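> Just passing along the structure, written as structure tokens.
The values are calculated or read from the model by the stated rules, or taken from the named source; none is laboratory data. Every value quoted in this text rests on a predicted model; they were computed, and no experiment measured them. Cβ sites come from the backbone with ideal geometry, for glycine too, and all protein chains shown count toward neighbours. These area figures cover heavy atoms from the full protein model, side chains too; ligands, DNA and RNA do not enter into them. Shrake-Rupley method; radii C 1.70, N 1.55, O 1.52, S 1.80 Å.
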Amino acid sequence: MKASNSARGLDLDSPGLFCSSYVTKSELARILNVARSTLVSWDGIALYRIDGYRQAYPVKTDGSTDRSCPLSPYQSWVLSRIGRVMANLRSVERVKTYIKKYPQEFSQAKFQAQFAQVIQRGTAA
């Protein structure tokens with residue numbers, strides 16, 4: 001049986017996933033309960049549409065992006081957000097349009113603000 005978006009916490013305005021350390025794509029796929037190939041697809045969307053995401057990858061000596069390294073907490077958060085948008089919009093093209101229209105929703109500033117809120121809620125509990 002397929003879970004509904006709200007049961008899975010997939011609302012577009014939900015904060016996203018916060019990892020405390022770097023994780024591999026395989027680990028993140030397992031955490032998000034998606035196929036690794038799905039996560040790699042989301043990574044491709046993020047890589048070419050979100051500057052901060054792309055810049056979070058190390059650069060190889062030849063100048064190319066090293067996509068084989070583990071994902072940063074920010075990158076994991078971005079991919080969880082893309083997963084939410086994908087679950088709601090159900091189309092890669094619609095997701096790309098959403099990212100173009102709302103780039104601030106995937107920014108490092110948004111990540112840091114939401115992370116601070118989660119930490120604040122945790123200390124208040």
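> Can you tell me how much longer the chain between V92 and T38 gets when fully stretched, taken as 0.36 nm per residue apart minus their C-alpha distance, in nm with one decimal? Each step should come with its number before you reach the end.
Details: separation 54, 0.36 × 54 = 19.44 nm, distance 1.14 nm.
Result for the pair: 18.3 nm of gain on full extension.
> How much accessible area does E27 have with a 1.4 Å probe, in Å² rounded to the nearest 10?
70 Å²
> What FRET efficiency, computed as 1/(1 + (r/R0)^6) with R0 = 22 Å and r the Cβ-Cβ distance, is obtained for R30 and Q104, rounded to the nearest 0.05?
Result of the calculation: an efficiency of 0.15.
> Can you list the lysines whose alpha carbon is less than 20 Å from that of K25, not counting same-chain residues fewer than 8 positions off?
K60
> How big is the charge dipole of the range 52-125 about its Cα centre, in debye rounded to the nearest 20, if each Lys and Arg gets +1 on its Cβ and each Asp and Glu gets -1 on its Cβ?
Here the range 52-125 has a charge dipole of around 300 debye.
> Continuing with this model, one more query. Accessible surface of S80 in the full protein assembly, 1.4 angstrom probe, to the nearest 10 Å²?
Counting only protein heavy atoms, the figure is 10 Å².
> Could you tell me what percent of the accessible area of the range 62-125 is made up of carbon and sulfur, with a 1.4 Å probe and every protein chain present?
54 percent
> Hand me the trypsin sites (Lys or Arg not before Pro) from the range 22-109 located in a DSSP loop with no more than 16 other Cβ atoms within 10 Å, in residue order please.
Here the sparse-neighbourhood loop sites are K60, R67, R90.
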